[in-house]
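Beneath this line is the structure, given in structure tokens, with notes to follow.
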Amino acid sequence: MADILWKMGAMLSSDHSSVVPINLFVALLCACIVIGHLLEEQRWMNESITALAVGLCTGVVILLTTGGKSSHLLVFSEDLFFIYLLPPIIFNAGFQVKKKQFFRNFMTIMLFGAVGTLISTAIISIGATHFFKKMNIGSLRIGDYLAIGAIFSATDSVCTLQVLNQDETPLLYSLVFGEGVVNDATSVVLFHAIQSIDLSHINSSIAAEFLGNFLYLFISSTILGVLTGLLSAYIIKKLYFGRHSTDREVALMILMAYLSYMLAELFYLSAILTVFFCGIVMSHYTWHNVTESSRITTKHAFATWSFVAEIFIFLYVGMDALDIEKWKVVSDSPGTSIMVSSILLGLVLVGRAAFVFPLSFLSNLTKKFPYEKIDIKQQVTIWWAGLMRGAVSMALAYNQFTRSGHTHLHGNAIMITSTITVVLFSTVVFGLMTKPLVRILLPSQKHTASMLSSESSSPKSFAVPLLSRQDSEDNQASHNVPRRTSLRMLLSTPSHTVHHYWRKFDNSFMRPVFGGRGFVPFVPCSPTDQSVHQWQ
């Protein structure tokens, strides 16, 4: 009996010891929110920088109290990040995106997000191979060098988006937001494609396999996200959960969104791309099929979930920057670690500039009107917006160079500490310089906003359709886009032409089946025409 009581006491003390760090971490999350609120009007400090600063201060306190043994309250896990923290952030990005602006600039966004990421990855990988082999930092393989390119091509444009106004600069905001999400998805797809093939002997067949694997992951992940979103819209439209309980339809939306992410992980696809397009489809169809109270609930639930996940990630990154175990491995060569970090920062700057300015020039060649083109000041802002590295880069670096958050290999330790340094420096320094830079480059956008009144007049709600029928007809009239269908029309104004055909297909086939604004029949406690017009 005494032995049983002793074991029970040990279990209770173990459970209590695990509860203490969780309590402290939750308290720190609350502190980050309060401090972020107090600094709201200043806007030099955003939530990301605030969480990093709080994490660094907490790490110092923990190091002092533990005698330099640890700086963590919780142990980092790739599963924690990729399964629990990243899905709400990416889904909310797709759910909140202004779809009309996103798809109107879809080709430019894909140029920056997909093609640009490939260019940046190639430049960073080639530069890392050239410099790091001469420095003899450790036994890095060719797969590691390619992974470095994908890791440091993943952007974090949160700081820039917080100082840009999507009503004053709709084009710029749409490009920065869309490119950031597509960039993250492309980086993760590239990273998994690199890990899935044998790179020991590179030849033409290996290159073709790599390209085919990349295209397969990109297309398959997008299709899975669209299908999951359509399935949720169809189920909610047919069954009308809101007649009996709004909780059911809210729960179904949340679970279907998470299911899309886990299905992509199950089939070894890009879960980021899947959940992003699932969010877009849900906001276009599913969200209009639920009751008005459910719309308000889901809107704030997704935003809150994403907000807390972002703070959680940056708070941990701040504490992890002081992890004594990683720095012990590289303590014998601090100069090498600083040099590696400096080289990576330089490659990030060069790799981003190598595609932003050339691709902006190509994009401007396809634009018909001056206000649709990206001027040099906007190009510099877009370039600056992608210089910050964040949570995705950290998670991919842990995935490639550590096991369970720890490493004792010299080369891997240098890459982890260098990634932490790049993330901290780019987020804090570049983030703090973002607001004054935007003020200098874009001092006043009132005149531009008046020119783009038709573009920026879309409401700040989630009721903006994928491509609004009335706005699209106005745009067609204002831009003199011919209604006749011809190859010349497609080549001269591809976005408006695709928009025209998509609107016809959506109204004729998709909305009658999957619902959406204006296509939900009246049922008690279901969305009505009045509630729809309220959000227009």
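In sequence order, the range 293-302 has phi-based couplings of 5, 5, 4, 4, 5, 5, 4, 7, 5, 5 Hz under the Karplus curve 6.51 cos²θ - 1.76 cosθ + 1.60, θ = phi - 60°, and Gly or Pro positions carry x. On the range 174-222, 67 percent of the accessible area sits on carbon and sulfur atoms, based on a 1.4 Å probe. What you get for the range 142-295, charging only the Cβ of Lys and Arg (+1) and of Asp and Glu (-1), is a dipole of about 680 debye around the Cα centre.
Taking a spot 7 Å from the Cα of Leu266 along the direction of its beta carbon, which residues of the range 201-244 have an amide N less than 18 Å from it? Under 18 Å, as judged by backbone N against the label point of Leu266, lie 220-233, 235 of the range 201-244.
A straight Cα-to-Cα reach below 18 Å connects Lys98 with the lysines Lys299, Lys460, residues fewer than 8 places away in its own chain not being considered.
Round to the nearest 10 and report in Å² the accessible area of Lys504, as given by a 1.4 Å probe over the protein chains' heavy atoms. Lys504 has an accessible surface of roughly 110 Å² with all protein chains in place.
Ordering 391-401, 243-253, 177-187, 217-227 by mean Cβ neighbour count within 10 Å, with the highest value first, yields 177-187, 391-401, 217-227, 243-253. Remark: accessible surface ordering of Val423, Val34 (largest first) is Val34, Val423, probe radius 1.4 Å. Sorting 90-96, 254-260, 374-380 by average packing, meaning the other beta carbons within 10 Å per residue, from highest down gives 90-96, 254-260, 374-380. Kirkwood radius for the range 163-229, taken over all pairs of different Cα atoms as the inverse mean of 1/r, rounds to 14.2 Å.
Each peptide among 58-65, 143-150 gets the average number of other Cβ atoms lying within 10 Å of its residues, and from highest to lowest they stand as 143-150, 58-65. Counting every C-alpha pair in the range 297-389, the share spaced more than 21 angstrom apart comes to 62%.
Largest accessible area first, the residues Trp502, Trp384 order themselves as Trp502, Trp384 under a 1.4 Å probe with ligands, DNA and RNA left out.
Couplings for the range 191-197, taken from phi via the Karplus curve 6.51 cos²θ - 1.76 cosθ + 1.60 with θ = phi - 60°, read 4, 5, 5, 5, 6, 8, 10 Hz in order; Gly and Pro are left as x.
The phi-based Karplus calculation (6.51 cos²θ - 1.76 cosθ + 1.60; θ = phi - 60°) puts the 3J(HN,Hα) values of the range 53-63 at 5, 5, x, 5, 4, 5, x, 5, 4, 5, 4 Hz, whole numbers, x for Gly and Pro.
The values are calculated or read from the model by the stated rules, or taken from the named source; none is laboratory data. Small disclaimer: the values here were computed from a predicted structure and weren't measured. Because the Cβ atoms are built from the backbone with ideal geometry, glycine has one as well, and the counts that use them run over all protein chains shown. All accessible areas refer to the heavy atoms of the entire protein, side chains included, with ligands and DNA or RNA removed. Shrake-Rupley method; radii C 1.70, N 1.55, O 1.52, S 1.80 Å.
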